[in-house]
Structure formats: structure tokens, C-alpha cells
Amino acid sequence: MKRLAEALSYSVAYLASVRRNDEDAADEDSETLDFMTAIVREATPAEIEAIRTASESAIATLLQDSEPDHEFIQGYRDCIENFCNQTA
């Protein structure tokens with residue numbers, strides 16, 4: 001479950017933060033996020049907490065980088081918090 005939560009949290013953050021020049025690709029990213037949110041709405045509170053925990057672990061790892069991308073990290077935090085709140 002931990003690995004799945006890590007993959008999901010990173011995917012959500014990436015899709016929400018990536019800037020695409022291609023409008024079709026951006027639309028597909030948005031549709032994917034909507035689909036993922038719909039699936040996770042069925043998650044148990046324990047599963048949502050696992051996603052939050054995995055996200056916090058991933059953020060801690062990103063902060064250990066020699067030159068962390070603080071803009072991405074803050075976007076990651078905001079995105080995951082929003083994602084988890086929408087599905088609760």
C-alpha cells in the first residue's frame with residue numbers, strides 16, 4: 001500500500017504541476033486527475049492517510065536534494081492537500 005500511495009501522490013502532484021505547451025496534452029492531464037480523484041473518493045480514511053503519509057515522505061526526500069525545487073515542492077504540498085480534501 002505504501003508504494004501505491006507514493007506512486008499516486010507523485011503522479012497527482014506531477015500532473016497538477018506540469019506546464020504543457022500542447023493544449024490537448026494539458027486537457028488529458030486534467031481528465032486523468034479528475035479520473036484519479038473519482039477513484040480515490042471511494043478510498044477509506046486509512047487509505048487517504050496513507051496517501052498523505054507517502055506524500056510527506058516524498059517531500060522530505062525532495063527537500064534533501066542539493067538544490068531542492070521549492071516551487072515544485074510547495075505545489076506538491078498544495079496539490080496533495082487539495083486532492084486529499086476533495087476525496088474526503
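The values are calculated or read from the model by the stated rules, or taken from the named source; none is laboratory data. Note that this is a predicted model, so its numbers are computed, not measured. Methodologically, a virtual Cβ is constructed for each residue, glycine included, from the backbone with ideal geometry; neighbour enumeration extends over all protein chains shown. Calculation scope for accessible area: heavy atoms of the full protein, side chains included, ligands and nucleic acids excluded. Shrake-Rupley method; radii C 1.70, N 1.55, O 1.52, S 1.80 Å.
The condition (being open to solvent by 50 Å² or more (accessible area, probe 1.4 Å) and within 16 Å of Glu6 (Cβ to Cβ)) is satisfied by just one residue among Glu31, Glu47: Glu47. Could you check how many residues of the stretch 34-44 are among the aliphatic types (A, V, I, L, M) and open to solvent by 40 Å² or more (accessible area, probe 1.4 Å)? Residues flagged as among the aliphatic types (A, V, I, L, M) and open to solvent by 40 Å² or more (accessible area, probe 1.4 Å) within the stretch 34-44 amount to 2. If only residues of the stretch 72-86 that are more than 19 Å from Pro45 (Cα to Cα) and touching a residue at least 24 places away in the same chain (Cβ under 8 Å) are counted, the one that is least open to solvent (accessible area, probe 1.4 Å) is Tyr76.
Of all residues in the stretch 10-28, those that are open to solvent by 50 Å² or more (accessible area, probe 1.4 Å), free of Cβ contacts under 8 Å to residues at least 12 places away in the same chain and not polar (S, T, N, Q) total 8. If the condition is being hydrophobic (A, V, I, L, M, F, W, C) and under 14 Å from the mean Cα position of the chain (by Cα), then the stretch 40-54 contributes Val40, Ile48, Ala50, Ile51, Ala54. Scanning the stretch 61-71 for residues that are part of a helix (DSSP H, G or I) and loosely packed, with under 10 Cβ neighbours inside 10 Å turns up just one, Glu71. For the stretch 29-55, the set of residues classified as farther than 14 Å from Asn82 by Cα and in a helix (DSSP H, G or I) consists of Asp29, Ser30, Glu31, Thr32, Phe35, Ile39, Pro45, Ala46, Glu47, Ala50, Thr53, Ala54, listed by residue number. Here is the figure for the stretch 50-60: residues that are open to solvent by less than 40 Å² (accessible area, probe 1.4 Å) and either under 19 Å from Asp78 (Cβ atoms) or in contact with a Gly (Cβ under 9 Å, 6 or more places away or on another chain) (or both) total 5.
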